[in-house]
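Below is one structure, written out as structure tokens; the observations come after it.
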Amino acid sequence: MENVVHLAVERGVATVTLDSPRNRNALSRQLVEELSGHLEAVTADEAVRAVLLTHTGSVFCAGADLGEAAAEGMEAGSRRLIDLLTLIVELPKPVVAMVTGKARAGGLGVLGACDIVLADAGGDYAFTEARLGLSPAMISLTLLPRLDPRAAGQYFITGETFDAAEAERIGLITRAVPAPGLAEAVESVLDGLRLASPQGLAESKRLVTEPVRRALAERGAEMATLSARLFSSPEAREGMSAFLQKRPPSWAVR
């Protein structure tokens, strides 16, 4: 089995690359386990000052692997995702995400766990859960402390797509950058992090992530249970089947 997440360390930055374009970097068991393993290794590496989380393909992350969820259920997968989000938030080194193109559903929860997110201005985003009979339950823990409340209410409920400028406005990403200048903008941020001390970075990160860390600690198990229950419901099974079969679900009003 080929690896779907890669790690490279250079000049104090650990670049972690999601590389499963066949399923749009979905949060499969393999991808989550490999990503978690690399982040744990980075934690112990004193040479690493910061993490750059990036990807191959035109989608940063499409969220849950629906084929895997439909076949196996999501009880274990829900716990793995909560553990991954907690690992990113509690990592004592800043995590910078570089996004080119789209991100959906659970992928947005990963962005919410990151400290800085720079994205291609031509990309777009959507919380698609409600259209599948689901809810952004687990990812709400990393997102609601960061998002404009009215915008969260709109996009969580409608599932509509919004662009990178709107993602910046509502707090989902730090900055939208025209694609030709994205790599340079990311490198500028990383150069700034290289100038900071490990202690300064870790303690400063703890200050700004406190609401997210508290939400994950207090409600992580509850939201994982809710998510697993929703994934196993008849409506969600129909929603996932319809998505995989590229047809409208039976409960959609036309």
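None of the figures in this text is laboratory data; all of them are computed from the coordinates on show. Only a predicted model underlies this, so the values are computations on that prediction, with no experimental measurement involved. For neighbour counting, all protein chains shown are included, and Cβ atoms are generated from backbone atoms with ideal geometry for every residue, glycine included.
What's the local net charge at residue 248, with K and R +1, D and E -1, over the other residues with C-beta under 11 Å away?
Working: positive: 131, 246, 247, 254; negative: 238.
Spelling it out: positives minus negatives among the neighbours equals +3.
Tell me, 19, 83 in order of fewest to most beta-carbon neighbours within 10 Å? Could the numbers behind the result be given before it?
Numbers: 19 17, 83 14.
The fewest-first ordering by Cβ neighbours comes to 83, 19.
Spin-label point model (7 Å from Cα, Cβ direction): what's the residue 194 to residue 232 distance in nm?
5.0 nm
Please list 90-96, 104-110, 234-240 highest first by mean number of surrounding beta-carbon atoms within 10 Å per residue.
Output ranking for 90-96, 104-110, 234-240: 104-110, 90-96, 234-240.
In nm, give the distance between the simple-model label positions of residue 251 and residue 184, each being 7 Å from the Cα along the Cα-to-Cβ direction.
It is 5.0 nm.
Which loop trypsin sites (Lys or Arg not before Pro) in the stretch 1-92, with loop taken from DSSP, have no more than 11 other Cβ atoms within 10 angstrom of their Cβ? Could the numbers behind the result be given before it?
Working: sites: 11, 22, 24, 29, 49, 79, 80; in loops: 11, 24, 49.
Within the stretch 1-92, the qualifying trypsin sites (Lys or Arg not before Pro) (loop, at most 11 other Cβ atoms within 10 Å) are 11.
Residue 55's amide H: which non-local residues (gap 5+, or another chain) put their own amide H closer than 5 Å, with H modeled 1.01 Å from N in plane and none for Pro or chain starts?
18
Taking R0 as 25 Å, what FRET efficiency do you get between residue 6 and residue 207 from their Cβ-Cβ distance, rounded to the nearest 0.05?
Details: r = 31 Å, r/R0 = 1.25.
Once the sixth-power term is evaluated, E becomes 0.20.
Express in whole angstrom the spacing between the alpha-carbon centres of the stretch 61-119 and the stretch 25-54.
Cα centroid of the stretch 61-119 versus Cα centroid of the stretch 25-54: 11 Å apart.
Suppose we keep just the DSSP beta bridges with both residues in the chain; what percent of those would be antiparallel, to 5?
Details: 8 of 28 bridges.
Restricted to the chain, the bridges split so that about 30 percent are antiparallel.
Does the stretch 150-206 classify as rounded, prolate or oblate by the C-alpha gyration tensor (a ≥ b ≥ c root eigenvalues; a/c under 1.5 gives rounded; else a/b over b/c gives prolate, otherwise oblate)? Mind dumping the intermediate values first?
Details: a/c = 4.84, a/b = 1.64, b/c = 2.96.
Since a/c reaches 1.5 but b/c is at least a/b, the shape of the stretch 150-206 is classed as oblate.
Find the Rg to Rh ratio for the chain, where Rh is the Kirkwood radius over alpha-carbon pairs and Rg uses the same atoms. Write out the running numbers ahead of the final one.
Numbers: Rg = 17.4 Å, Rh = 18.3 Å.
Taking Rh as the inverse mean 1/r over Cα pairs, Rg/Rh reads 0.95.
For residue 4, what charge total do you get from the other residues with a beta carbon under 14 Å from its beta carbon, if Lys and Arg give +1 and Asp and Glu give -1? Intermediate values should be presented prior to the final figure.
Numbers: positive: 22, 24, 29; negative: 2, 19, 33, 34, 65, 68.
Net of charged neighbours comes to -3.
I need 129, 68, 222 ordered by Cβ neighbour count within 10 Å, fewest first. Let's see the in-between values first.
Values: 129 25, 68 17, 222 13.
Neighbour counts put them in this order, fewest first: 222, 68, 129.
List the GluC sites (Glu not before Pro) within the stretch 1-49 that DSSP assigns to loop and that have no more than 15 neighbouring Cβ atoms inside 10 Å. It would help to have the intermediate numbers written out before the result.
Values: sites: 2, 10, 33, 34, 40, 46; in loops: 2, 46.
Answer by residue number: 2, 46.
Please report, for the Cα atoms of the stretch 73-203, the Rg to one decimal and the Dmax as a whole number; what are they, in angstrom?
Cα only, the stretch 73-203: 15.2, 46 Å (Rg, Dmax).
Under a Cβ-Cβ cut-off of 11 Å, what is the net charge of the residues other than residue 189 that fall near it, where Lys and Arg count +1 and Asp and Glu count -1? Don't jump to the answer; show the numbers that get you there.
Details: positive: 175, 194; negative: 115, 184, 187, 191.
Neighbour charge sum, excluding residue 189 itself: -2.
If you take the square roots of the eigenvalues of the alpha-carbon gyration tensor of the stretch 50-137 and sort them as a ≥ b ≥ c, do you get rounded (a/c under 1.5), prolate (a/b over b/c) or oblate? Write down the numbers at each step before the final one.
Working: a/c = 2.09, a/b = 1.27, b/c = 1.65.
Because a/c hits 1.5 or more and a/b fails to exceed b/c, the stretch 50-137 counts as oblate.
Please say if the stretch 179-253 is rounded, prolate or oblate, where rounded means a/c under 1.5 for a ≥ b ≥ c the square roots of the C-alpha gyration tensor eigenvalues, and otherwise the choice is prolate for a/b larger than b/c and oblate otherwise?
Numbers: a/c = 5.29, a/b = 1.76, b/c = 3.01.
It is oblate, given that a/c is not under 1.5 and a/b is not larger than b/c.
Label-point separation (nm) for residue 166 and residue 58, each offset 7 Å from Cα along Cα-to-Cβ?
Roughly 2.0 nm, to one decimal.
Please report, in debye to the nearest 20, how large the charge dipole of the stretch 1-127 is about its Cα centre when each Lys and Arg carries +1 at its beta carbon and each Asp and Glu carries -1 there.
300 debye
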